[in-house]
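One structure is given here, and the rest of the page talks about it.
Read the figures in this text as sums done on the coordinates, not as results from a lab. For clarity, every value in this text was computed on a predicted model and none was experimentally measured. Cβ atoms come from the backbone with ideal geometry, glycine included; neighbour counts cover every protein chain shown.
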Amino acid sequence: MVEEIRGIVLPSPTVFLEDGSVDERLMCELTDWFIACGVHAFFILGSYGQGPALAPEERKKVAELVVKQVKHRVPVVVHVGAVDPYTAIELGKHAEAIGAEAIGHVGPYYYADRSEYEIIEHFKMVDRAVGMPILVYNNPRYSGYNIHPDFMARLVAAVPRIFGAKLAMGSVDEAMAYRKVVKAPFAAYALASNLVSAMSVGVAGTISPPLAVTPEIGVELVRAIDAGRSDEALALQKTVIRIHDIFLRLAGPFGRTIYCEAMRLRGFDVKMYPRWPSKPLSREAYDELRDLFSELNLLSSAAKVKSA
């Protein structure tokens, strides 16, 4: 099902109860909602999915929960990235055992002074032990280094089961640079804010946290692109740009609280997200988010009443 990992690859959030444990009931509710919205695939336990903030056994539990709830209706990519290859191997073997279609892996982090040789050997160890399709998550801010196009080409040559890469802040130009030097087939996933132009030149899709709060808009955008409805696609792209702008801008002063409040405005009873104290939104910031969602008709019934 690797070919089906395109379009809106939903970076599912992991939500928590007040004591920091995973809110399993809400995780199942969110998963069903994403599928009902028409998302094309899942990317779980990445940055938005709080994977590195969970112990390995907790990561396994979340993976089991989501894969079981999805029931192979769409592909699931389980992020197994870790600071060491042995933890990644353990998580990768578990992902295979529960029926995930692929694994994702951020460049091994914390030890950002690792050489290219060491990073490639890390991926080779995971690949040999797990034997599943691999999506590289290239996020220089979190790993501490950039897997640039030439580096990616050497990595894919060493690990042919790598089928693509999520480019954390990838522009169309950046995605094209990877596609030019990395041996095909290679799927690049870039920012949702330039999806029309990106998919028109062969970018596979996007793995976008803001679209995990507004998935129906992302799905409609991909449908319009696929159907060649250019006017509709451009109008939806403008909406996605507005959504991206508010999330990226407010994430600076308020961190991941913006996602917590957005999920609540959509009608989900999120007790805690992220899994650490995060600054509450100011009244001004909250009103700006609520007003945008109201304009786009995305508010839940409860949020509409509260706003009245």
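Under 10 Å, Cα contacts only: if you run a Gaussian network model on the chain, which one of 254, 123, 34 comes out with the highest mean-square fluctuation?
Highest fluctuation of the listed residues: 254.
Farthest toward the dipole's positive end in the chain, which of 272, 107, 17, given Cβ charges of +1 (Lys, Arg) and -1 (Asp, Glu) about the Cα centre?
Among 272, 107, 17, the one farthest towards the positive end of the dipole of the chain is 107.
What does the charge dipole of segment 19-113 about its Cα centre add up to, to the nearest 20 debye, if the Cβ of each Lys and Arg holds +1 and the Cβ of each Asp and Glu holds -1?
That gives segment 19-113 a dipole magnitude of about 320 debye.
Quick check: residue separation of residue 296 and residue 18 times 0.36 nm, minus the Cα distance between them. What number comes out in nm?
My answer for the length gained is 97.0 nm.
Tabulate in residue order the Karplus-calculated ³J(HN,Hα) for segment 61-74, using 6.51 cos²θ - 1.76 cosθ + 1.60 with θ = phi - 60°, rounded to whole Hz; enter x for Gly and Pro.
Here the 3J(HN,Hα) series is 5, 5, 4, 4, 4, 6, 4, 5, 6, 5, 6, 6, 5, 9 Hz.
Whose amide H sits under 5 Å from the amide H of residue 187, counting only residues 5 or more places off or on another chain, with H placed in the peptide plane?
164, 165
Give me, ordered by chain and number, the residues 5 or more places off residue 99 or on other chains with an amide H under 5 Å from its own placed amide H.
Residues meeting the criterion, in which the H sits 1.01 Å from N, do not exist here.
Find which of 153, 51, 253 sits farthest along the positive direction of the dipole of the chain, computed with +1 on the beta-carbon of Lys and Arg, -1 on that of Asp and Glu, about the Cα centre.
Most positive-ward Cα: 153.
Can you compute the modelled spin-label distance between residue 288 and residue 84, with each label point 7 Å from Cα toward Cβ, in nm?
Here the modelled spin labels are 4.3 nm apart.
Where does the chain land at 222 nm, in deg cm²/dmol rounded to the nearest 500, when only DSSP H runs of n ≥ 4 count, each adding -39500 (n - 2.57), divided by all residues?
Helix contribution divided over all residues of the chain: -16000 deg cm²/dmol.
How big is the charge dipole of segment 131-211 about its Cα centre, in debye rounded to the nearest 20, if each Lys and Arg gets +1 on its Cβ and each Asp and Glu gets -1 on its Cβ?
The dipole magnitude comes to about 200 debye.
Between 76, 159, 181, where does the largest GNM mean-square fluctuation fall for the chain, given springs only between Cα atoms within less than 10 Å?
Evaluated over the chain, the most mobile residue of the options is 181.
If you find the alpha carbon centre of segment 59-74 and of segment 100-125, how far apart are they in angstrom?
Each part's Cα centre sits 24 Å from the other's.
Of all the C-alpha pairs in segment 167-308, what % are more than 24 Å from each other?
Value for segment 167-308 (Cα pairs over 24 Å): 38 percent.
Go ahead and run the numbers for FRET between residue 278 and residue 141, Cβ-Cβ distance against an R0 of 22 Å, rounding to 0.05.
The pair residue 278/residue 141 has a calculated efficiency of 0.80.
Under the Karplus relation 6.51 cos²θ - 1.76 cosθ + 1.60, θ = phi - 60°, what is the ordered set of whole-Hz ³J(HN,Hα) values for segment 243-248, x standing for Gly and Pro?
Once rounded to whole Hz, the list reads 5, 4, 4, 5, 5, 5.
Can you give me the convex hull volume of the Cα atoms of segment 1-160, divided per residue and expressed in Å³?
So the per-residue Cα hull volume is 109 Å³.
Give or take rounding to whole Å, what are the principal axis extents of the alpha carbon atoms in the chain, in descending order?
Sorted largest first, the three principal extents are 58, 47, 37 Å.
Of 125, 263, 199, which is the most mobile in a GNM of the chain whose springs link Cα atoms less than 10 angstrom apart?
With Cα springs under 10 Å in the chain, the top fluctuation among 125, 263, 199 is at 125.
Using a 10 Å cut-off on Cβ atoms, rank the peptides 89-95, 286-292 from the highest mean neighbour count down.
89-95, 286-292
For the chain, give the share of DSSP beta bridges that are antiparallel, in percent and rounded to the nearest 5; count only bridges with both residues there.
The antiparallel proportion sits near 5 percent.
Give me the extension gain from residue 248 to residue 232: residue separation times 0.36 nm, minus the current Cα-Cα distance, reported in nm with one decimal.
Extending this stretch completely gives an extra 3.3 nm.
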